[in-house]
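The values are calculated or read from the model by the stated rules, or taken from the named source; none is laboratory data. Since the model is a prediction, treat every value here as computed from it, not as a measurement. Using ideal geometry, Cβ is built from the backbone for each residue, glycine included, and neighbour counts are taken over all protein chains shown. Just so you know, the surface numbers come from the protein's heavy atoms only, side chains and all, with ligands and any DNA or RNA stripped out. Shrake-Rupley method; radii C 1.70, N 1.55, O 1.52, S 1.80 Å.
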Amino acid sequence: MKILVCITHVPDTTTKIKFTPDGSKLDTTGVQFVIGPYDDYALSRAVELKEQFGATLTVLNVGTAETEPSIRKALALGCDDAIRIDAEPTDAFFVAEQIAHICKQNNYDLVLMGRESIDFNGGQVHGIVGELLGIPSFSPVMKLDIEGNIAKMAREIEGGKEYLEAPLPLVLGCQEPIAEWKIPNMRGIMSAKSKPLQVIAPANPQELTKSLSFELPPPKGACKMIPAEEAEKLIELLKTEAKVL
Amino acid sequence: MSVLIFVETAEGKAKPSSLEAVGYGAKVAEMLGTTATALVLGDAQELEKLGNYGASKVLHVADSRLNTGIIQAYSNVIAQAVEKENASVLVLAKSSLGDAVAARVAGRLKAGLASNVVELPNLSNGFVVKRSIYTGKAFANTMISTEKKILAIKKNIYSVTPSSNTASVEAFAPTLNDSDFVAKITNTEKATGTISLPEANIVVSGGRGLKGPENWGIVEELAKVLGAATGCSKPVSDLHWRPHHEHVGQTGVKVSPNLYIAIGISGAIQHLAGVNSSKCIVVINSDPEAPFFQAADYGIVGDAFQVVPKIIEAAKKM
């Protein structure tokens, strides 16, 4: 079995987002970048499948050289080799086309990634890759088992789960609790340094969307405190003042 | 040229978020000087009523194989409807199905897709939409440069007042292939009789401050009285006090209701990311230093087990 895991390199979930004064890009001062949390779930499940089936595991990232610590972490967790497409991942179609291009050369049985990146939250790349390759895609997948040539999955739907079966190859957008996050051990970290990392120029670069500017939500007004002993007054305020009841 | 709106149904009826999408799509159509067509898949009733929300026509694919949301089949049908109507814009409401389908349609039609759209597009210089990014912490103004455009809108961003207009209903028979049905849905588990969390106008959530799953009665009762959905924080779902589909936050469900009431949730930045699009936030917490108060409109410092019953009583009298 051949598995490709696609990861994003994004600001940690605790980041207080701010932009440069002209609103043209993220102010990365003091920002800690990590593997996207959803991608981390996909990666963790891929490592488990590798252990179970002896699969080969390739990690792919579309990003500039700054993303290499995240790629090395994925290698330390158990990926065998890595591919970095050397470009800023600014448009979902562009990223999907890069992934599809690599897939066409390698015939992966499974292409796993997070349900969405936590920077742009588009949740588009897995579906576009599936369409470009002409194979099924599912998201958000919270359970994945492989039996022979069939993937047995659970997909989260509003208020519950949907259980699915489909033949490989597949593209999946993953989320918790598909696997427990893993922490690389010292042996993994040491071996990651010598694992192959190919850097490739983007193929057929074209963007369908372009973000022109960024902004923050307007600051929140002060919180109106209600004494606990008069808690019942909340309902009246929600009705007459906030007008939400 | 037209605007096409994909309408999701539940038990044959349009979901509220899809009615909002129809209203939004009709407004975009008006801005572009064209008309709005709604697309409904599978068995459904009262289709002409989508006219109340601004659709002038409804395309109906009455194929019972489409009664459940098969991602491949839906994507294929929607892409064909876009071509048939020569739609320049496809609008849909964000959901677990809508998101998965929108991405495939975008890939198939090579159409620029913006998700989490929070406002009507700005047409003064190209086609620019404002969308929520960084899980609700910021916005991007994004230009879509393709001829065909897809907008996945966030809930509760456009208010539409229903009219008495009705839409004409037209049967549509797209070409479906066996390969569209290669994935089999073997089972569906769904909480019944409760209000769907992403669709809810009011959400009542509980956190670790409630001390245990046996104490969820006050959350459920307040939700029931207010007609609200129940949610929870990540630690609560990690501890299996509540099911995963109730987890609100950065890696859980993102909600944007009119009213969000948080009981015993301290307000970690990851939880705030899932709720910060709510119109009004109420925080009840025994710790006056809980960071959630900074993001709240109304706050009560006190013991939830004393405060919440008072609120339930007042709500019952409403």
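The figures follow:
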{"item": "Residue match in the stretch B:295-311 (condition: under 30 Å from A:V10 (Cα atoms), in contact with a His (Cβ under 7 Å, 6 or more places away or on another chain) and either surrounded by fewer than 22 Cβ atoms within 10 Å (Cβ to Cβ) or modelled with pLDDT under 95 (or both))", "result": "no"}
{"item": "From A:G114, A:G123, A:G159, residue being within 11 Å of chain B (Cβ to nearest Cβ), open to solvent by 10 Å² or more (accessible area, probe 1.4 Å), in contact (Cβ under 8 Å) with a residue 40 or more places away in the chain and closer than 26 Å to B:K190 by Cβ", "result": "A:G123"}
{"item": "All positions within the stretch B:265-293 that are part of a loop (DSSP other than H, G, I, E, B) and farther than 30 Å from B:R131 by Cα", "result": "B:S286, B:D287, B:P288, B:E289"}
{"item": "Residues of the stretch A:53-84 that turn out to be over 20 Å from A:I183 (Cα atoms) and in a helix (DSSP H, G or I), as a count", "result": "3"}
{"item": "The stretch A:162-199 - residue that is more than 14 Å from chain B (Cβ to nearest Cβ) and among the hydrophobic types (A, V, I, L, M, F, W, C) and, of those, surrounded by the most Cβ atoms within 10 Å (Cβ to Cβ)", "result": "A:A192"}
{"item": "Looking only at the stretch B:136-151, and only at residues there that are within 7 Å of chain A (Cβ to nearest Cβ) and in contact with a Gly (Cβ under 7 Å, 6 or more places away or on another chain), the one that is farthest from B:V82 (Cα to Cα)", "result": "B:M143"}
{"item": "Within the stretch B:294-315, tally of residues that are over 18 Å from A:K239 (Cα atoms), at the interface with chain A (Cβ under 7 Å from one of its Cβ atoms) and in a loop (DSSP other than H, G, I, E, B)", "result": "1"}
{"item": "The stretch A:1-19 - residue that is open to solvent by 30 Å² or more (accessible area, probe 1.4 Å) and of a type in the set (S, T, N, Q) and, of those, farthest from the chain's Cα centre (by Cα)", "result": "A:T14"}
{"item": "A:P205 of a type outside the set (A, V, I, L, M) and out of contact with any helix residue (DSSP H, G or I) (no Cβ under 8 Å at 6 or more places or on another chain)", "result": "no"}
{"item": "So B:I269, is it outside the structural domain of B:G136 (by TED's automatic domain parsing) and out of contact with any helix residue (DSSP H, G or I) (no Cβ under 7 Å at 6 or more places or on another chain)", "result": "yes"}
{"item": "Listing of strands (runs of 3 or more DSSP E) fully contained in the stretch B:154-264 that carry 1 or more residues being surrounded by fewer than 19 Cβ atoms within 10 Å (Cβ to Cβ) and within 21 Å of the chain's Cα centre (by Cα)", "result": "B:184-190"}
{"item": "Flag for B:G33 being in contact with a Leu (Cβ under 7 Å, 6 or more places away or on another chain) and open to solvent by 10 Å² or more (accessible area, probe 1.4 Å)", "result": "no"}
{"item": "Counted residues, the stretch A:127-141 - those being facing chain B (nearest Cβ under 7 Å) and in contact with a strand residue (DSSP E or B) (Cβ under 6 Å, 6 or more places away or on another chain)", "result": "7"}
{"item": "Residue in the stretch B:286-293 that is open to solvent by 10 Å² or more (accessible area, probe 1.4 Å), in contact (Cβ under 8 Å) with a residue 12 or more places away in the chain, acidic (D, E) and more than 9 Å from chain A (Cβ to nearest Cβ) present", "result": "yes"}
{"item": "Matching residues in the stretch A:46-97 - criterion: being among the hydroxyl-bearing types (S, T, Y) and open to solvent by 30 Å² or more (accessible area, probe 1.4 Å)", "result": "A:T56, A:T64, A:T90"}
{"item": "Odd one out for B:V275, checked against (1) more than 22 Å from the chain's Cα centre (by Cα); (2) open to solvent by less than 10 Å² (accessible area, probe 1.4 Å)", "result": "(1)"}
{"item": "Candidates B:G136, B:G107 - the one that is more than 18 Å from B:L41 (Cα to Cα), without any contact (Cβ under 8 Å) to a residue 40 or more places away in the chain and not assigned by TED's automatic domain parsing to the domain that holds B:G252", "result": "B:G107"}
{"item": "Complete set of residues in the stretch A:200-233 that are among the acidic types (D, E) and either without any contact (Cβ under 8 Å) to a residue 60 or more places away in the chain or at the interface with chain B (Cβ under 7 Å from one of its Cβ atoms) (or both)", "result": "A:E215, A:E229, A:E230, A:E232"}
{"item": "Strands (runs of 3 or more DSSP E) lying entirely in the stretch A:122-174 (those with 1 or more residues that are among the basic types (K, R))", "result": "A:137-147, A:150-157, A:160-167"}
{"item": "Which listed residue, of B:S196, B:S233, is outside the structural domain of B:P257 (by TED's automatic domain parsing) and hydroxyl-bearing (S, T, Y)", "result": "B:S196"}
{"item": "Single match in B:V91, B:V117 (criterion: closer than 30 Å to B:A268 by Cα, more than 8 Å from every other protein chain (Cβ to nearest Cβ), surrounded by 15 or more Cβ atoms within 10 Å (Cβ to Cβ) and touching a strand residue (DSSP E or B) at 6+ places or on another chain (Cβ under 7 Å))", "result": "B:V117"}
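Conditions tested, residue by residue: (1) in contact (Cβ under 8 Å) with a residue 60 or more places away in the chain; (2) farther than 30 Å from B:K190 by Cβ.
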site	(1), (2)
B:L4	yes, no
B:A21	yes, no
B:T35	no, yes
B:D43	no, no
B:S56	yes, yes
B:L59	yes, no
B:A62	yes, no
B:R65	yes, no
B:T68	yes, no
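The rows are residues; the columns are (1) at pLDDT below 95; (2) more than 20 Å from the chain's Cα centre (by Cα); (3) in a helix (DSSP H, G or I).
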{"position": "B:G25", "(1), (2), (3)": "no, no, yes"}
{"position": "B:M31", "(1), (2), (3)": "no, yes, yes"}
{"position": "B:T34", "(1), (2), (3)": "no, yes, no"}
{"position": "B:G51", "(1), (2), (3)": "no, yes, yes"}
{"position": "B:A55", "(1), (2), (3)": "no, no, no"}
{"position": "B:L66", "(1), (2), (3)": "yes, yes, yes"}
